[in-house]
């Protein structure tokens, strides 16, 4: 296979293999995970190759599906921005899939393993497709593929999970339909659905009222899908009640790909001049994001359920990213793009560690974390790495992206944004301190025993290596992204920012 | 004014259907009625797309003449693209309904009811 077909294969391979997984899963469940890992490894290879191609060519790779040229055919377009996101999705989903092996065996009956892995691959297919496509209607279809697999995979959980999935579905469908309506308005005006084509055709129409309505519909749709405050209400319930392996898959990826779609519309489909000057969308988004950050951080403090706490953290992180975009300058946007990628790994790190802790302790309540450092030192260390990164402690990656976000707000002289960023980080620090205090400094363990003095010896967590290694890799990725953030910005992110800024 | 209302009646119907659908999703307590609202909402958007492709006096988009020298005027044909897009959207809609009904069956098996307030009460316990 020649490398020029990689942009298509990164979507086609997981899509086709998801059906293979389903069929194989009916007869031999043990083969499911190897096929999934093979598919994700292949996707990682494609993604890395695409990124390398983009870097060496220094421009957009355009792939025409079925050799139909745009605007008639569907085009896959990869530039620096989505090449970076593709690689991040590939790494995170691979690590999460390996980590899920023993967790999912505890959470779901064996008969559900085949469907679980099928939906996992479909989810990844949708996310890759949303990231790579250059066609707004194709994006809708792939968005729905990702959403449907999310609804179904969340509903696999115990207790209230199907109900939470149904509520998510109502919300998600309103979002997707608003998006569909929005692109319908753009289509009326231009007769085109191709992003690059739309960008040129829309410029003379920026004064049109139909365009504004369409743009507003698209923004609402994307905001719902990326769990932007105040339309985030579907997220805490559904991600908390979903099986841990599922929330570890969805939490890092889905909302961040939504942010990517937002960036695409603000700066590729529409000219930055439109999004910044002609329509005050960035000011509106930024103002709401400030409230969202404070609201979500305070709500996170109020939770006693570890997963629900992390879910509110996602909403706050989305707020940070949007604040960075709302700064509308190079520094803020650098921070926003970097934070999107970093947040995938931070949330992957936190949710996989939380999944292992919950599977071991059996309760989501933070009160039950007493003495965790004695039984699960490595898992807890991974959790701490994620927490430090979210709070923004160097050398973890969260520090660097937040640094650029802060610089962006200062440069834009937006002191309210700056205040929200700093207050949010402070609240996150308090939040994690509460968890870590319970797990490190409480002397009694979960049964209320105090350990006799002098009997402490170092033990490594009694959990399978397939859980331990992906988690540790996540933590190392946080360090890696932090230490190499300079070259990531210089070589990739700098080119992903619109030149006019 | 009457021309504005009657001449664009298909768009008025689509707006009305969207409002009915949103009302069903937001205000109804029964999950099945919420699902019906959701379906009406989706179908309203399909109607909108069909409307923008249609043309008064337009015919099906198959070129009628066999003579290659004849001029083909795009204005004589309806625009097939929105209709083709809606084939995909209908498939999406059917899939949504399928998943939603599956979820409702599971919810009904767990709680014995589809009334939202009763399910929430059962979950709080």
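The values are calculated or read from the model by the stated rules, or taken from the named source; none is laboratory data. Note that the structure is a prediction, hence the values are computed from the model and not measured. Note that we place each Cβ from the backbone using ideal geometry, even for glycine, and neighbour counts take in every protein chain shown.
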Check your understanding: Tally time: how many residues in the range A:27-44 are under 20 Å from the mean Cα position of the chain (by Cα) and either farther than 19 Å from residue A:11 by Cβ or surrounded by fewer than 17 Cβ atoms within 10 Å (Cβ to Cβ) (or both)?
Key -> 2
Revision key, fill the gap. Flagged in the range A:137-182 as within 21 Å of the chain's Cα centre (by Cα), at the interface with chain B (Cβ under 9 Å from one of its Cβ atoms) and either modelled with pLDDT of 95 or more or not in a helix (DSSP H, G or I) (or both), in numbering order, are A:155
Exercise for review: Answer yes or no as to whether residue A:214 is in a loop (DSSP other than H, G, I, E, B) and over 21 Å from the mean Cα position of the chain (by Cα).
Suggested key: no
Check your understanding: Which one is farthest from residue B:33 (Cα to Cα) among residues in the range B:110-123 that are in a helix (DSSP H, G or I) and more than 10 Å from chain A (Cβ to nearest Cβ)?
Key -> B:121
Exercise for review: Please verify whether the range B:60-72 includes one or more residues that are surrounded by 10 or more Cβ atoms within 10 Å (Cβ to Cβ), within 22 Å of the chain's Cα centre (by Cα), in contact (Cβ under 8 Å) with a residue 12 or more places away in the chain and in a loop (DSSP other than H, G, I, E, B).
Suggested key: no
Practice item. Pick out the one residue from A:198, A:205 that is at pLDDT below 90 and surrounded by fewer than 19 Cβ atoms within 10 Å (Cβ to Cβ). Key: A:205
**Study point:** Residue in the range B:37-51 that is farther than 30 Å from residue B:114 by Cα, away from chain A (no Cβ under 14 Å) and surrounded by 13 or more Cβ atoms within 10 Å (Cβ to Cβ) present
**Key:** no
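Residues checked against (1) out of contact with any helix residue (DSSP H, G or I) (no Cβ under 8 Å at 6 or more places or on another chain); (2) at negative phi; (3) in contact (Cβ under 8 Å) with a residue 60 or more places away in the chain:
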{"site": "A:280", "(1), (2), (3)": "yes, yes, no"}
{"site": "A:293", "(1), (2), (3)": "no, yes, yes"}
{"site": "A:308", "(1), (2), (3)": "no, yes, yes"}
{"site": "A:311", "(1), (2), (3)": "no, yes, yes"}
{"site": "A:315", "(1), (2), (3)": "no, yes, yes"}
{"site": "A:328", "(1), (2), (3)": "no, no, yes"}
Check your understanding: Does residue B:79 satisfy the criteria of being within 9 Å of chain A (Cβ to nearest Cβ) and either exposed (fewer than 15 other Cβ atoms within 10 Å of the Cβ) or farther than 25 Å from residue A:152 by Cα (or both)?
Key -> yes
Revision key, fill the gap. Residue hits (the range B:82-113; surrounded by 18 or more Cβ atoms within 10 Å (Cβ to Cβ) and more than 13 Å from residue A:180 (Cβ to Cβ)) are B:99, B:100, B:103, B:104, B:107, B:111
Check your understanding: Does residue A:288 qualify as being over 16 Å from the mean Cα position of the chain (by Cα) and either touching a residue at least 12 places away in the same chain (Cβ under 8 Å) or outside any helix (DSSP H, G or I) (or both)?
Key -> yes
Revision key, fill the gap. When the range A:102-112 is checked residue by residue, the ones that are part of a helix (DSSP H, G or I) and surrounded by fewer than 20 Cβ atoms within 10 Å (Cβ to Cβ) are A:102, A:105, A:106, A:110, A:111, A:112
Check your understanding: What number of residues within the range A:331-388 are assigned to a helix (DSSP H, G or I), in contact (Cβ under 8 Å) with a residue 60 or more places away in the chain and over 22 Å from residue A:466 (Cα atoms)?
Key -> 17
Check your understanding: Has the range A:249-261 got any residue that is more than 18 Å from the chain's Cα centre (by Cα) and part of a helix (DSSP H, G or I)?
Key -> no
Check your understanding: Within the range B:96-109, can you find the residues that are more than 7 Å from chain A (Cβ to nearest Cβ) and either without any contact (Cβ under 8 Å) to a residue 40 or more places away in the chain or part of a loop (DSSP other than H, G, I, E, B) (or both)?
Key -> B:98, B:102, B:105, B:108, B:109
Review point. What number of residues within the range A:299-321 satisfy the criterion of being farther than 19 Å from residue A:426 by Cβ and under 17 Å from the mean Cα position of the chain (by Cα)?
Key: 3
Check your understanding: Residues of the range A:49-65 being assigned to a helix (DSSP H, G or I) and closer than 14 Å to residue A:11 by Cα, which ones?
Key -> A:50, A:65
Revision key, fill the gap. Of (1) part of a helix (DSSP H, G or I); (2) surrounded by fewer than 24 Cβ atoms within 10 Å (Cβ to Cβ), residue A:231 fails just (1)
